[in-house]
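Here, each number is a calculation from the coordinates, and none is a lab measurement. Note that the coordinates shown come from a computational prediction; the quantities given were computed from them, not determined experimentally. A quick note on method: Cβ atoms are made from the backbone with ideal geometry, for glycine too, and the neighbour counts reach across all protein chains shown.
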Amino acid sequence: MPVFSPYARLLDELPISEHVVSILGSETHYWSYGPDDAPLTFVVAHGYRGEHHGLEPVIAQFRGVRFIGADMPGFGESGELDAGHSIDSYARWLAEFMAQTKTVDAVVIGHSFGSIISSYAIAHGLIAPPKLVLINPIAAPALEGPSAFLTRLTMAFYRLALKVPERLGYWQLSNWAIIRGMSVKLAVTRDKQLRRWIHDQHHTYFGRFASRQSVVDSFDASVSYTVGDFAEKITMPTVLIGAEKDPITAVKHLYALADRIPNSELHVIPGVGHLIHYEVPRVAAELIRDFVGVGELAD
């Protein structure tokens, strides 16, 4: 039985176009949402193993602004980077992507893994957006704290996928049970229909990666840094949109991160986990709209 998006109607009202650009060896596919002559553009950096569909529920809420959302290299429709898939490589890709798409003055939105990539790019002088939006920012080291054992176990799982025969490795990385277990852990909502749709999204898109090497290297990159590693160098106005029940970053770490970013504001959404963009996209959109002061929200 088909699973229909609760945000499909709003998204269908937007003009959407697909484009391709070659960046650092990656044939990067990206999508433009909203009017080309909008007064403000956002560039989106999505989470690990996600792709451009992930932030669409938030994008769907907006009118009068433009969003540029790519499948980052190695995921979705986009090819791999020649230089591999470290945080540095992704940050350089982001900078070149914004240059080639003429969006260097865009507001950057980073979700989860994308929060690390965008923060690294800013701290190393690769991009200088006028404002920064971080959704579910990674504020605590994955290899420390109560989740350290689970993270190391996950690292071993990913690295094993490189050692087994290729077909078995692909099966392991895209296994239905593994993806469902991850989805169940991250989804907090008690709305059965919404949970069903979230699980369907993960099953549909989390198996779309270019190679075993790229997905494993990207995971290693995702646990190598936090936004906090670059906090003091993030000097533009920044909004942190965190979640009360995020299993990846505890609320106390969000407050500590906000204290270290000089010009930031923090909003912690109650009753939500690591999937703000799926579970409460309207709330996220309202916070973003209020932060940038441009655009309207759909009825």
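Straightening the chain between L153 and D229 buys 25.0 nm, computed as 0.36 nm per residue apart minus the Cα-Cα spacing.
Of interest is the spacing of the C-alpha centroids, which for the stretch 38-96 and the stretch 113-188 amounts to 15 Å.
Placing +1 on the Cβ of every Lys and Arg and -1 on the Cβ of every Asp and Glu, with no other charges, gives the chain a dipole of roughly 980 debye about its Cα centre. Relative contact order of the stretch 149-299: what whole-number percent is it, with Cα pairs under 8 angstrom and at least 6 residues apart? With pairs under 8 Å counted, the relative contact order is 21 percent. Computed over the chain, the per-residue total of -39500 (n - 2.57) for DSSP H runs of n ≥ 4 gives a 222 nm mean residue ellipticity of -12000 deg cm²/dmol, rounded to 500. Nearest 20 debye, what's the magnitude of the dipole of the stretch 1-68 about its Cα centre given +1 on Lys and Arg Cβ and -1 on Asp and Glu Cβ? Using only the charged Cβ atoms, the result is roughly 220 debye. Dipole magnitude for the stretch 248-299: computed about the Cα centre from +1 point charges on Lys and Arg Cβ and -1 point charges on Asp and Glu Cβ, it is near 260 debye.
With only Cα atoms counted, the chain has Rg and Dmax values of 17.8, 52 Å.
Let me check I've understood the local charge: for G54, count other residues with C-beta under 14 angstrom from its C-beta, Lys and Arg +1, Asp and Glu -1. What total comes out? Charge balance in the 14 Å sphere: -4. Measuring r between the beta carbons of L168 and K252 and using R0 = 35 Å, the FRET efficiency lands at 0.30. Pairs of Lys residues in the chain are counted when their Cα atoms are under 20 angstrom apart and they lie 8 or more places apart or on different chains; the count is 4. For the stretch 1-32, chymotrypsin sites (Phe, Trp or Tyr not before Pro) meeting the loop criterion (DSSP other than H, G, I, E, B) and having at most 16 other Cβ atoms within 10 Å: F4. Add +1 for every Lys or Arg and -1 for every Asp or Glu among the other residues with Cβ under 13 Å from the Cβ of S119, and state the total. Here the charged neighbours net out to -1.
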